[in-house]
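Peer 1: Just dropping this structure here.
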Amino acid sequence: MHCSATLTQLVEVLLASSVNLSETALTQVSCGIQTDSRTLKPGEVFLALRGDKFDGHEFVQTAIAKGALAAIVDFEYENPGLPVLQVKDTLKAYQKIGRWWRDRFNIPVIGVTGSVGKTTTKELIAAVLGTKGRVHKTYGNYNNEIGVPKTLLELGKEHDYAVIEMAMRGRGQIAELTQIARPTIGVITNVGTAHIELLGSEEAIAQAKCELLAEMSADSVAILNHDNPLLMATAAKFWHGEVLTYGFSGGDIQGQLIDNDTVEVAGIQLPLPLPGRHNATNFLAALAVAKVLGIDWASLKAGVMVDMPTGRSQRFTLANDVVILDETYNAAPEAMIAALQLLADTPGKRKIAVLGAMKELGERSQQLHQRVGETVQKLNLDGLLVLVDGQDAEAIALSAEGIPSECFATHADLVARLKTFVQAGDRLLFKAAHSVGLDRVVNQLRAEF
Ligand code: ATP
Ligand code: MG
């Protein structure tokens, strides 16, 4: 938040959230709100958040030493040496300030949620809007109850658009984020099985995503993936306002995949910023946003540049024309299958999948891992290497009947094998849940190959 907001305005927000003001001496503030004492700059307000690993309240003194103007905390400090605003719940206060700040900007705010493809779609939307104006977007994957207000607080008057990623792990969370970000356009990329352990069924996941629609103001626009029948059916129950649908099966914006790198829409061929059918779908969502905002697609013919965060849709070429598709950031079942399809469609000598477990899938886990193995088999890949950290990962190899498969118990074993296994012209996909740590394998291979 780089502004000259008055503290009175800030206090107004806090008072509305049952603030007990310990100090009212300050009248004027020209600052930002900072929750990390390490990055706090003199003159900013330090807001102490309680997390699993850290409690911001332990860093109030550090913040003061670094020149914090005031601190927002949840208990009474004795002689802290600076003005302290005491609130009941600092996270709630942070969210309220985030919303209050967002409300000061009369610009299109695009909220993006869905089971998979949120970050990719957010980046594609930002890239498309970036051809017309200055875009503020969620940094990396700061998409939760802290990340969304943080992103909003970084909005500045130089911005023409904001693209906000919203994630959830349970019911009620997207509703909360929508109330904070107040999107004028809401995009739902799809409904799948990610986090099914917590929600129980795909229907429950669909409803949780559609909280975005339920909470949007009636004059907003919903942008929905037509290829996802469960999403379309659920959305119809929650949204009665303007809708724009996109997809390959139909919809207002119907695409046709020409090849891995080109999509055709309404008679115009456009280069895909990221390869593959799933990324083409994400790009159609970005085109839908452009349409709502009156941005001419023809201006996208020259292509747009997308800078994906680490471990998503990243491609590295090693010596001897060996290409790595680095998808190590995470793995939901639908994402796993989309990435395997991309590997199969990538021209090259041998197509090798290097996979590990997917997480948070509850009782469906075994079955969903089997489905991945069956996909490897169906796509007739040339090899499968699996880093096994439990029975589920092994199920991938066991279900890929007829495909040369090998399992490894440690990262070191996998790396050692890859060094002898990889041949010139190979295409290798690396994908697993983040906690499996396949990124370390990719890094080692890149360093040593
Ligand atoms: P997270 O929950 O970690 O924030 P996300 O929803 O932001 O995930 P992305 O980071 O965009 O998702 O993509 C994760 C992976 O999902 C990608 O690397 C890709 O393999 C796959 N993916 C992206 N878009 C789609 C899509 N539309 N359909 C299926 N898979 C997709
Ligand atoms: Mg994301």
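The values are calculated or read from the model by the stated rules, or taken from the named source; none is laboratory data. Please read these numbers as outputs of a predicted model, since none were measured by experiment. Every residue, glycine among them, receives a Cβ derived from its backbone with ideal geometry; neighbour counts consider all protein chains shown. With ligands, DNA and RNA removed, areas are computed over all heavy atoms of the protein, side chains included. Shrake-Rupley method; radii C 1.70, N 1.55, O 1.52, S 1.80 Å.
Peer 1: May I ask you to list the residues in the stretch 170-183 that are open to solvent by 50 Å² or more (accessible area, probe 1.4 Å) and assigned to a loop (DSSP other than H, G, I, E, B)?
Peer 2: Going through the stretch 170-183, the residues open to solvent by 50 Å² or more (accessible area, probe 1.4 Å) turn out to be 171, 173, 176, 179, 182.
Answer for the stretch 170-183, where residues must be open to solvent by 50 Å² or more (accessible area, probe 1.4 Å) and assigned to a loop (DSSP other than H, G, I, E, B): ARG171, ARG182.
Peer 1: Only one residue in ALA167, ALA194 is in a loop (DSSP other than H, G, I, E, B), in contact (Cβ under 8 Å) with a residue 60 or more places away in the chain and either within 16 Å of ligand 2 (Cβ to nearest atom) or touching an Asp or Glu at 6+ places or on another chain (Cβ under 6 Å) (or both), so which one is that?
Peer 2: Of the residues listed, the single one that is in a loop (DSSP other than H, G, I, E, B), in contact (Cβ under 8 Å) with a residue 60 or more places away in the chain and either within 16 Å of ligand 2 (Cβ to nearest atom) or touching an Asp or Glu at 6+ places or on another chain (Cβ under 6 Å) (or both) is ALA194.
Peer 1: Let me ask something additional. Can you list the helices (runs of 4 or more DSSP H) lying wholly within the stretch 47-155 that have 2 or more residues being within 16 Å of ligand 2 (Cβ to nearest atom) and acidic (Asp, Glu)?
Peer 2: Ranges flagged: none.
Peer 1: Would a scan of the stretch 243-260 turn up a residue that is at pLDDT below 95 and away from ligand 1 (no atom under 16 Å from the Cβ)? Before the answer, list the steps.
Peer 2: We begin by selecting, within the stretch 243-260, every residue at pLDDT below 95; these are 259-260.
Okay, now just the ones that are also away from ligand 1 (no atom under 16 Å from the Cβ), so 259.
Yes, there is a match, as at least one residue in the stretch 243-260 is at pLDDT below 95 and away from ligand 1 (no atom under 16 Å from the Cβ).
Peer 1: Here's another thing I want to ask about it. Report the residue count in the stretch 115-150 for those that are open to solvent by less than 10 Å² (accessible area, probe 1.4 Å), closer than 21 Å to VAL45 by Cβ and under 13 Å from the mean Cα position of the chain (by Cα).
Peer 2: 2
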